[in-house]
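First up is the structure itself, then whatever we jot down about it.
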Amino acid sequence: MTDRQHEAGGAGASITRLTPGEIFAIIAFWAFLAVLTAAGRLVDPRVAAVAAMRAMRPDPSGGNTLALVEYALWAVLTLPIFWMTRRFGGDRPTLKRVLAFLVIGVVLAVSVDTLLKVISRQVMPRPMLPPPGFPRRLPPGQPVRGLFSRFSFLYDFIVYLVVLGAGLARNYFVRYQARLDETRRLEAEATKLRAEAAELHAQVTDARLNALRTQLNPHFLFNTLNAVSTLVDEDPPGARRMIARLSDLLRHTLGEGDEQEITLARELEMLRLYLEIMEVRFQDKLEVSIETEASLDDALVPNLVLQPLVENAFRHGLALMQTAGRVAVRVVREDGDLVLTVRDNGRGPANPVREGVGLTNTRARLTQLYGARQRLALTAAEGGGALVEVRFPYHTTPQRRSARNA
């Protein structure tokens with residue numbers, strides 16, 4: 001827990017301490033109230049008479065001086081009352097705390113009232129004669145004086161309750177503001193952490209994809225070189241053509257850099273280079289067809305996704321055939337997905353189906369790129385042979401990987 005969190009939640013938290021500006025405002029408030037009261041007593045003699053009776057003085061003019069003393073005293077007492085609300089106010093009122101505040105208020109009110117009476121009687125000078133007209137305006141009868149004498153502390157008790165309420169209200173407001181600021185800070189930190197986690201996840205995913213591509217390219221290169229080696233003695237011109245096509249293919253592959261997705265047009269261009277190598281190897285025993293639409297050329301597909309599928313058809317379906325082999329590549333758009341299919345007329349998949357390095361890596365790359373929104377299936381084709389179908393969302397602009405995996 002940070003210091004700010006501790007202050008926001010603990011009793012006596014430093015965040016609720018009075019600022020110099022608030023202390024100045026408290027002093028200014030009581031000074032203004034004292035001036036306003038004194039002015040009111042000067043304008044209305046009845047107010048001055050009641051104040052004089054409360055102070056047990058026959059001289060109403062002395063009430064103005066006593067009012068200044070009283071409000072100065074409350075200005076000083078406001079600070080410890082605010083400290084008490086900050087230290088013991090808490091977040092929720094309890095019966096025990098309310099009773100304690102009331103008892104403290106009664107004791108404080110009686111003490112203030114007694115102190116004011118002592119100051120009025122002992123310190124302030126008394127007049128020689130009562131002012132003219134004072135008994136006629138408000139006869140100081142014994143019942144009225146007794147009433148003020150017994151319950152004069154209630155005025156100070158009411159003042160105490162007002163100051164206490166102001167302190168509690170300020171304390172709750174400051175704590176609320178502190179919690180609100182802390183919530184905003186935590187939300188900002190959480191948003192930042194989520195962004196960092198998403199970025200880290202993307203970096204880890206890219207590293208995994210690069211590792212899969214690094215594993216895939218040597219696998220493809222090894223198989224192609226093995227095909228070239230079979231023609232070195234049997235068909236040297238064909239071997240040279242295969243090496244030339246392999247050079248072109250490697251140049252295109254290395255030119256892609258670290259891009260995980262490329263356009264379908266570029267992917268098909270690299271696939272045709274690979275198919276030209278295979279046509280040299282199989283010579284007149286291979287028929288290849290590629291079916292797609294020009295409107296799909298800008299669709300993004302995983303880099304080097306078709307080559308391992310076609311290579312799987314050659315390696316596991318057509319390599320041991322004595323008759324002509326056929327490979328059909330088809331790309332269509334269905335229900336917002338891009339569907340890539342590779343079909344051959346070979347012996348078909350084994351039962352149970354066992355995937356080689358090419359299909360295994362392709363499936364892993366699709367999972368990393370599209371999460372649950374992708375599918376790769378190897379099944380037996382109708383009429384013989386194998387059918388590989390790859391399905392993932394159709395898109396023409398790169399998407400955030402977190403959105404793809406949603």
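Taking a straight Cα-Cα cut-off under 12 Å and skipping sequence neighbours fewer than 8 places away in the same chain, the aspartates and glutamates within cross-link reach of residue 117 are 70. Measuring nothing but how far apart in sequence close Cα pairs (under 8 Å, 6+ apart) lie, relative to its length, segment 302-379 scores a relative contact order of 32 percent.
A 1.4 Å probe run over the protein chains yields, for segment 222-370, 49 Å² of accessible area per residue, whole-number rounding. Maximal additional length on extending the residue 269-residue 119 stretch stands at 43.5 nm, based on 0.36 nm per residue less the C-alpha distance.
Distance between the pseudo-spin-label points of residue 96 and residue 394 (7 Å out from Cα toward the beta carbon): 7.1 nm.
Once the Cα-Cα distance is subtracted from the 0.36 nm per residue extended length, the residue 354 to residue 179 segment shows a gain of 57.1 nm. Label positions at residue 161 and residue 222, each projected 7 Å from the Cα along the C-beta direction, are separated by 9.1 nm. Only protein atoms count toward the accessible area here, which uses a 1.4 Å probe; on segment 292-373, the carbon and sulfur part of that area reaches 46 percent. Listed peptides 326-332, 375-381, 95-101 appear in the order 326-332, 375-381, 95-101 once ranked by packing, highest mean of other Cβ atoms within 10 Å at the front. Between residue 332 and residue 230, residue separation times 0.36 nm minus the direct Cα-Cα distance comes to 33.1 nm.
Taking label positions 7 Å along the Cα-Cβ direction at both residue 297 and residue 339, the computed distance is 2.4 nm, reported to one decimal.
The values are calculated or read from the model by the stated rules, or taken from the named source; none is laboratory data. Keep in mind it's a predicted model, so treat the numbers as computed, not measured. With ideal geometry, Cβ positions are generated from the backbone for all residues, glycine too; neighbour counts draw on all protein chains shown. For accessibility, only protein heavy atoms count, side chains too; no ligands or nucleic acids. Shrake-Rupley method; radii C 1.70, N 1.55, O 1.52, S 1.80 Å.
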